[in-house]
Amino acid sequence: IMDGSGSAGNDFIGPVDVDLLPPTGDGNYTAWTPNTGTRWDAVNDADPDGDTTRIETATVGNKNTFTHGSLPAGSSAVKAAAVWARARRDDATTRSFKILLRSSSTDNLGGVEHFLGDTYQWFFQPYEISPFTSTAWTISELNSCEFGVQVIS
């Protein structure tokens, strides 16, 4: 809330651009199954299409990550990164996932466990600082990071 508390995102940052970096390819992990086409193309919808294209798995521990495009030329700093995921469960079993980031062969599993209902919902995981360095994101670090999901339950 930029109120002076905490170690990041605690002061007015001025005007910023918010850049969308949708998936452009499969990453290191590809355990989820697309219902059609490629994994990354099934989830790169700026306007989600429900069940028309999707990835799915019911196996606890399955991971899927994606590559993405780079920040626009002229970008000078990264104030924060965030991952949005849209998901639902398709059975009566309790299902949950966490956001998964991968950088330089190192995984970071988000701290928030997202529980799924039977209708699509948006889930949001912010990263004010890099979970890999515990410092501000660099442009090159963000550009090379993979983003994805892992089934927890």
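For the stretch 39-57, give me each residue that is open to solvent by less than 60 Å² (accessible area, probe 1.4 Å) and in a loop (DSSP other than H, G, I, E, B).
First pass over the stretch 39-57, keeping only residues open to solvent by less than 60 Å² (accessible area, probe 1.4 Å): 39, 42-45, 48-50, 53, 55, 57.
Passing the criteria: 44, 45, 48, 49, 50, 53, 57.
Can you name the number of the only condition in (1) of a type outside the set (D, E, K, R); (2) at pLDDT below 95; (3) on the phi > 0 side of the Ramachandran plot that residue 61 fails?
Unmet condition: (2).
Residue 11: out of contact with any helix residue (DSSP H, G or I) (no Cβ under 7 Å at 6 or more places or on another chain), part of a loop (DSSP other than H, G, I, E, B) and either open to solvent by 50 Å² or more (accessible area, probe 1.4 Å) or more than 20 Å from residue 84 (Cβ to Cβ) (or both), yes or no?
Working: out of contact with any helix residue (DSSP H, G or I) (no Cβ under 7 Å at 6 or more places or on another chain): yes; part of a loop (DSSP other than H, G, I, E, B): yes; either open to solvent by 50 Å² or more (accessible area, probe 1.4 Å) or more than 20 Å from residue 84 (Cβ to Cβ) (or both): yes.
Yes: the conditions hold for residue 11.
Checking residue 28 against (1) at pLDDT below 95; (2) of a type in the set (S, T, N, Q); (3) under 20 Å from residue 143 (Cα atoms), which single condition isn't satisfied?
(1)
Could you check, for the stretch 108-123, whether at least one of its residues is among the charged types (D, E, K, R) and under 12 Å from the mean Cα position of the chain (by Cα)?
The answer is no; no qualifying residue exists.
In the stretch 51-81, how many are of a type in the set (Gly, Ala, Ser) and under 18 Å from the mean Cα position of the chain (by Cα)?
Matching residues across the stretch 51-81 total 5.
Pairs, please: C-beta under 6 Å, at least 6 apart or cross-chain, first residue of a type in the set (A, V, I, L, M, F, W, C) and in the stretch 74-99, second assigned to a loop (DSSP other than H, G, I, E, B)?
Taking only residues 6 or more apart or on different chains, the pairs are 78/137; 80/128; 81/137; 87/116; 97/152; 99/110.
Please go through the stretch 14-33 and give me each residue that is open to solvent by 50 Å² or more (accessible area, probe 1.4 Å), over 26 Å from residue 121 (Cβ atoms) and in a loop (DSSP other than H, G, I, E, B), ordered by number.
15, 16, 17
Testing residue 36 on (1) open to solvent by 40 Å² or more (accessible area, probe 1.4 Å); (2) in contact (Cβ under 8 Å) with a residue 40 or more places away in the chain; (3) more than 18 Å from the chain's Cα centre (by Cα), one condition comes back false. Which one is that?
So residue 36 meets the others, but not (2).
Table: residues versus (1) in contact with a Lys or Arg (Cβ under 6 Å, 6 or more places away or on another chain); (2) over 26 Å from residue 134 (Cα atoms).
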{"residue": "28", "(1), (2)": "yes, no"}
{"residue": "45", "(1), (2)": "no, yes"}
{"residue": "54", "(1), (2)": "no, yes"}
{"residue": "60", "(1), (2)": "no, yes"}
{"residue": "66", "(1), (2)": "no, no"}
{"residue": "70", "(1), (2)": "no, no"}
{"residue": "75", "(1), (2)": "no, no"}
{"residue": "92", "(1), (2)": "no, yes"}
{"residue": "107", "(1), (2)": "no, no"}
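Any residue that is modelled with pLDDT of 95 or more and of a type in the set (S, T, N, Q) - is there at least one of those in the stretch 5-23?
No, the stretch 5-23 has no match at all.
The values are calculated or read from the model by the stated rules, or taken from the named source; none is laboratory data. Note that the structure is predicted; figures quoted are calculated from it, not measured. Neighbour counts run over all protein chains shown; Cβ positions are idealised from the backbone, glycine included. SASA here: full protein model, heavy atoms, side chains in, ligands and nucleic acids out. Shrake-Rupley method; radii C 1.70, N 1.55, O 1.52, S 1.80 Å.
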